[in-house]
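The values are calculated or read from the model by the stated rules, or taken from the named source; none is laboratory data. Quick caveat, the model's predicted, so the values are computed rather than measured. Here the Cβ is made from the backbone with ideal geometry for all residues, glycine too, and neighbour counts use every protein chain on show.
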């Protein structure tokens with residue numbers, strides 16, 4: 001079990017590894033927490049990273065992006081707590097971020113309007129139906145979520161409530177709820193998070209220095 005308590009923001013600065021996922025998770029989490037002021041150094045110029053930054057801009061994350069080393073286009077990005085807004089995802093974009101859909105659904109709970117994610121039926125295959133699991137857990141936290149055969153609809157913004165959720169042994173689902181728990185009132189307990197802490201050790205190491213409690 002992983003226990004997370006409500007936070008007021010992510011504050012400070014740090015370097016990030018080259019993988020685009022860490023940047024997306026940190027920037028997205030900071031954007032949904034009202035008192036965040038986070039600066040990430042060393043964000044590279046890969047295709048998925050650029051698409052992740054575009055996605056965050058589309059949901060109105062307040063990003064200040066500076067190129068700090070022009071030859072390889074290394075970026076420094078600052079993000080503050082933002083009034084997020086709805087978006088729609090489908091097709092190639094959902095395919096690119098299929099592993100991050102649980103987290104993006106959690107972000108949708110903090111965005112004004114209907115966030116719609118389609119073409120995510122792949123999450124239903126395997127040992128268990130991850131899409132249904134994400135929907136059930138978000139509802140458990142007080143979110144308003146509709147289910148479709150290939151996706152979900154999230155109506156926000158909603159004040160999430162800390163509770164007990166079950167990640168079904170999936171690390172990325174566990175991570176989505178560990179991060180959304182930072183925006184939830186009280187304490188969130190993530191059961192069966194799989195190898196979350198090992199798989200995302202670098203991310204959690206950075207969070208430990210950035211999270212500002214209420």
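A few points about this structure:
- Put simply, of 6, 92, 83, 100 the only residue that is surrounded by fewer than 22 Cβ atoms within 10 Å (Cβ to Cβ), within 16 Å of residue 177 (Cα to Cα) and at pLDDT 95 or above is 6.
- Per the listing 158, 165, the residue uniquely over 18 Å from residue 33 (Cα atoms) and either modelled with pLDDT of 95 or more or buried (at least 24 other Cβ atoms within 10 Å of the Cβ) (or both) is 165.
- Residues that are part of a loop (DSSP other than H, G, I, E, B), surrounded by fewer than 21 Cβ atoms within 10 Å (Cβ to Cβ) and touching a strand residue (DSSP E or B) at 6+ places or on another chain (Cβ under 9 Å) within segment 135-149 comprise just one, 142.
- Looking only at segment 98-126, residues that are assigned to a loop (DSSP other than H, G, I, E, B), in contact (Cβ under 8 Å) with a residue 24 or more places away in the chain and more than 14 Å from the chain's Cα centre (by Cα) come to 3 in all.
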